[in-house]
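Take a look at the structure below.
The values are calculated or read from the model by the stated rules, or taken from the named source; none is laboratory data. Being a predicted model, the structure only gives us computed values, none of them experimental. Every residue, glycine as well, gets a Cβ built from its backbone with ideal geometry; the counts of neighbours run over all protein chains shown.
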Amino acid sequence: MRPVLSLGYLRMAVADLSAWKTFLIDFIGLMEVDGPTPDAVHLRLDDHAARIVLTTAEQSQLLAAGYEVLNETHLDELAAAVSEFGIEVTRGSAQEAAERQVRALVKFTDPGGNPVELYCGPLRSYLPMQSPVSRFITGDQGMGHIITNSTDVDRDFEFYTTVLGFEDRNTMELPHGRMYFMSPNPRQHTLGLHPAEAPGLMHLMFEAATIDDVGAAMDRRDEHGIAPMQSLGRHTNDDMVSFYVWSPDLQAVEFGYGATTVHRPEPSYQIAQGAYWGHKFTPPPAG
């Protein structure tokens, strides 16, 4: 059994909360709900109480990528393994667990400089989702996938694969280094590691259930003036049909459909290019 199950939540500080609400609610189709963190925006995309929590700050930053584990026994075992790897681990307080709407958590910084939380016992919501999206693909695949900028991708790769139990799925050689894709579950990649001089969230992906969800999201993109980043295309590693936009803080955000899944160990491989077709790039908006 893999010790980490899936990407469970993101906690982010953003400078323009209004722009992010338009982006994630009106465009992506997430559902705003009440939550325990004062003056924060809590967002659902499935039966978890909140998958994304936004707070305001002068400087935007990733506050935590939360990964779910099976139970408190696994949480304790993983915390010990992370500590043995040489990373300082802090046990989350009762207040922090309540803010995240989970039973228990631990916190640390990964070798590439990004904040990580492991948790168990998430609160589930049984109220119906209100969204223009028919359904987001979550369940045992987690909320989606992210790519983080890493200051030490090789050490990061070693950590996630040997300590947290992610499977090495594929790599891609870039002019400035190697990019790794990995996952602890059937999603082809839950996490990508991108070599960079500073840590942070580079990319976030939402997967919907139908191609019509993708088309409708493209209409909402135009309706709300969301800046395009990549045209409709199909990826080579996960076969997803998707398009990209620039977030309010210029992360690459992908909305897609139809990704392949991996249900048993498969050999890792390299990809020579990111897309079979499409995904034509548009630079970020000026200013």
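Computed values, structure above
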item	result
Within the range 233-277, tally of residues that are acidic (Asp, Glu) and more than 21 Å from residue 217 (Cβ to Cβ)	1
Qualifying residue in the range 201-208 (condition: outside the structural domain of residue 54 (by TED's automatic domain parsing), under 20 Å from the mean Cα position of the chain (by Cα) and part of a loop (DSSP other than H, G, I, E, B))	no
Residues of the range 21-58 that turn out to be among the charged types (D, E, K, R), under 21 Å from residue 128 (Cβ atoms) and assigned to a loop (DSSP other than H, G, I, E, B), as a count	4
Sole exception among (1) surrounded by fewer than 17 Cβ atoms within 10 Å (Cβ to Cβ); (2) at negative phi for residue 250, by number	(2)
Options 177, 144; residue that is on the phi > 0 side of the Ramachandran plot, buried (at least 19 other Cβ atoms within 10 Å of the Cβ) and either in the same structural domain as residue 261 (by TED's automatic domain parsing) or at pLDDT below 95 (or both)	144
The one condition in (1) in a strand (DSSP E or B); (2) farther than 28 Å from residue 209 by Cβ; (3) in contact with a helix residue (DSSP H, G or I) (Cβ under 7 Å, 6 or more places away or on another chain) that residue 112 fails to fulfil	(1)
Failed criterion for residue 215 (all others in (1) assigned to a loop (DSSP other than H, G, I, E, B); (2) without any contact (Cβ under 8 Å) to a residue 12 or more places away in the chain hold)	(1)
Test: residue in the range 9-20 that is without any contact (Cβ under 8 Å) to a residue 60 or more places away in the chain and in a loop (DSSP other than H, G, I, E, B)	no
Given (1) within 26 Å of residue 54 (Cα to Cα); (2) touching a residue at least 60 places away in the same chain (Cβ under 8 Å); (3) buried (at least 19 other Cβ atoms within 10 Å of the Cβ), number of the condition residue 188 does not satisfy	(1)
Filtered residues of the range 147-174 (kept if in a loop (DSSP other than H, G, I, E, B) and either at pLDDT below 95 or closer than 23 Å to residue 51 by Cβ (or both))	164, 165, 166
Criterion: touching a Leu at 6+ places or on another chain (Cβ under 9 Å), assigned to a strand (DSSP E or B) and not polar (S, T, N, Q) - qualifying residue of 117, 96	117
Any hit, the range 62-85, residues being in contact with a Leu (Cβ under 8 Å, 6 or more places away or on another chain) and farther than 23 Å from residue 191 by Cα	no
